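The values are calculated or read from the model by the stated rules, or taken from the named source; none is laboratory data. Just so you know, these numbers come straight off a predicted model, no measurement behind them. All Cβ positions, even for glycine, are placed from backbone atoms using ideal geometry, and neighbour counts span all protein chains on display.
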Amino acid sequence: MKKIKQFVREAGFAIFRALGNTIVDAETGVRLGRAFLLPWKGTIKVIGLGVPVRPVFLPQTRLTYWKQDLGFTTHAAPDFPRCEKNP
């Protein structure tokens with residue numbers, strides 16, 4: 001039963017990747033992969049992408065508040081050092 005579920009899941013992701021858009025990192029320009037973007041109840045569902053991303057507003061030449069361009073970027077690495085000792 002577990003193998004069937006895994007097969008159906010992988011087949012679904014393959015279909016979403018085939019039908020989806022190419023996602024490019026807005027900050028670095030690196031291609032992140034293909035995914036299906038689904039706007040749902042005020043959120044954007046990213047289906048089929050292998051890396052976690054976050055939405056960012058893209059810079060515009062003319063400032064408009066009613067229409068914003070969205071891009072995606074990967075999460076930044078944590079900027080705090082690991083504490084080896086317990087205080």
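Listed here are the residues, each with its yes/no results for (1) closer than 30 Å to Arg9 by Cα; (2) touching a strand residue (DSSP E or B) at 6+ places or on another chain (Cβ under 9 Å).
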{"residue": "Gly29", "(1), (2)": "yes, no"}
{"residue": "Phe36", "(1), (2)": "yes, yes"}
{"residue": "Gly48", "(1), (2)": "yes, yes"}
{"residue": "Val53", "(1), (2)": "yes, yes"}
{"residue": "Leu70", "(1), (2)": "yes, yes"}
{"residue": "Thr74", "(1), (2)": "yes, yes"}
{"residue": "Phe80", "(1), (2)": "no, no"}
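Does at least one position in the stretch 31-46 carry a residue that is modelled with pLDDT of 90 or more and among the polar types (S, T, N, Q)? No, the stretch 31-46 contains no residue that is modelled with pLDDT of 90 or more and among the polar types (S, T, N, Q).
For Arg17, the test of being in contact with a Ser or Thr (Cβ under 7 Å, 6 or more places away or on another chain) and either among the basic types (Lys, Arg) or at pLDDT below 85 (or both) is failed.
Residue-wise test of (1) in a loop (DSSP other than H, G, I, E, B); (2) among the aliphatic types (A, V, I, L, M).
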{"residue": "Arg9", "(1), (2)": "no, no"}
{"residue": "Phe16", "(1), (2)": "no, no"}
{"residue": "Ile23", "(1), (2)": "no, yes"}
{"residue": "Leu32", "(1), (2)": "no, yes"}
{"residue": "Leu37", "(1), (2)": "no, yes"}
{"residue": "Lys45", "(1), (2)": "no, no"}
{"residue": "Leu49", "(1), (2)": "yes, yes"}
{"residue": "Gln60", "(1), (2)": "yes, no"}
{"residue": "Pro78", "(1), (2)": "yes, no"}
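Within the stretch 20-56, track down each residue that is aromatic (Phe, Trp, Tyr) and surrounded by fewer than 12 Cβ atoms within 10 Å (Cβ to Cβ). Explain how you work it out, then say what you get.
First, the residues of the stretch 20-56 that are aromatic (Phe, Trp, Tyr): 36, 40.
Scanning the stretch 20-56 gives a single hit, Trp40.
Looking at the stretch 12-19, can you tell me whether even one residue there is loosely packed, with under 10 Cβ neighbours inside 10 Å and either under 17 Å from Thr74 (Cβ atoms) or of a type in the set (Lys, Arg) (or both)? No, the stretch 12-19 contains no residue that is loosely packed, with under 10 Cβ neighbours inside 10 Å and either under 17 Å from Thr74 (Cβ atoms) or of a type in the set (Lys, Arg) (or both).
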